[in-house]
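Everything below concerns the one structure shown next.
Bear in mind that the values in this text are calculations on the coordinates, not laboratory data. Computed from a prediction, not measured in an experiment: that's the story for all the values here. Quick reminder, even Gly has a Cβ in these numbers, built from the backbone with ideal geometry, and neighbours come from all protein chains shown.
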């Protein structure tokens, strides 16, 4: 147990220099141009490397903890899932070129610390799907790959409340698990990339060496196949008003304000909890990121204060009439009614 805590503490310590470095004399509010200029003046490669190494040290701490009984293994599974989610978001900023100093460093760090060991798709492919296909076309049917993913999970007009509940936990369903496993298999079998398979095997072997079978199952397999995909799925659900965007023209901020949302704008405790777990590294501020994707997560709160609020600021994720899920359900019901009106014969 002391070694587990030491690894967790050391991992947190390695993450601090990046955070402190970018927090120095950072304005409380600022324009995208000013904030990008400031972040570029502070851009390094070694600090993001320490940050990512710290994430994996924390994972090793959770692996070691998993060997200390069933309760510890369950806690470790959640802890590792959160760290996998953090790695996904850090690599997301690398895909946008906002993590390290150079494009090559961004790609190498994302591949070495996230995409290879987690069995994610190659970084260039993710850049194409996310930067080129998603960002300019967010919530546009037939164009946005993220919206297509939501439709495949069952979020479509005519959905019942029971179907909606299943769609919210889609990665935990048998169909979702098969999709996750198939995606990992496709990614590690990518043409000519044996090292992707080797990286995943190395993670499995390291987990076993650190914490035995409990670490292998509760520290890798369960988090990677079930818990981390669920956290990432919830994040996807709260990025946009997917089924009821306001079509707008004008500045990037104005356009994104019509198709984005901001969760927990009035609940600081829930906002901090989300930022520490399933909406890390700026994902809570997805509206500001969508408006100006080149801004690093450290500066998104300042940018958000500079922008007008998006058109939807829900109070909760799941419960209540102003929750994200209730909003999605109403939007899909409206689409169902509109289709029925269109299909009805004239009298």
Potential extension, residue 308-residue 209 segment - 0.36 nm per residue separation minus Cα distance:
30.6 nm
Can you compute the FRET efficiency between residue 128 and residue 103 using 1/(1 + (r/R0)^6), with r the Cβ-Cβ distance and R0 = 22 Å? Round to the nearest 0.05.
0.95
Two-site label geometry, residue 294 and residue 276: point separation in nm, points 7 Å out along Cα→Cβ
3.5
Along the Cα→Cβ direction, 7 angstrom out, place labels at residue 31 and residue 164. What is the inter-label distance in nm?
4.2
Heads up, the range 94-151 by the C-alpha gyration tensor (a ≥ b ≥ c square roots of eigenvalues; a/c under 1.5 rounded, else a/b over b/c prolate, else oblate) looks oblate
Shape of the range 101-233 from its Cα gyration tensor (a ≥ b ≥ c, root eigenvalues): rounded if a/c is under 1.5, otherwise prolate when a/b > b/c, or oblate?
oblate
Cα-projected label distance for residue 195 with residue 182, points at 7 Å along beta-carbon direction, nm:
2.9
Would you compute, from DSSP H runs of 4+ residues alone, the mean residue ellipticity of the chain at 222 nm, taking -39500 (n - 2.57) per run and dividing by the full residue count, rounded to the nearest 500?
-18500 deg cm²/dmol
Modelled label reach - residue 330, point 7 Å along Cα→Cβ, the range 233-266 residues with backbone N closer than 12 Å
244
Any idea what the relative contact order of the chain is, in percent, if you count C-alpha pairs under 8 Å spaced at least 6 apart?
21
Using Cα springs under 10 Å in a Gaussian network model of the chain, which residue among 285, 92, 21 shows the largest mean-square fluctuation?
21
Picking from 115, 22, 286, which is most flexible by a Gaussian network model of the chain using Cα springs under 10 Å?
22
For the range 67-123, what is one quarter of the convex hull surface built on the Cα atoms, given in nm²?
4.2
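Could you grab the relative contact order for the range 224-347? Cα pairs under 8 Å, six or more apart, rounded to a whole percent.
25
Could you rank the peptides 198-206, 296-304, 160-168 by their average count of other C-beta atoms within 10 Å per residue, with the highest value first? Intermediate results must be reported in sequence, preceding the final value.
Numbers: 198-206: 15.8, 296-304: 22.7, 160-168: 14.2.
Descending mean neighbour count gives 296-304, 198-206, 160-168.
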Rg to Rh quotient for the chain, alpha carbon positions, Kirkwood Rh
0.97
Averaged over every viewing direction, what's the projected area of the C-alpha convex hull for the range 1-110? Give it in nm², one decimal, please.
7.6
GNM top mover of 52, 209, 261 - the chain, alpha-carbon springs below 10 Å
209
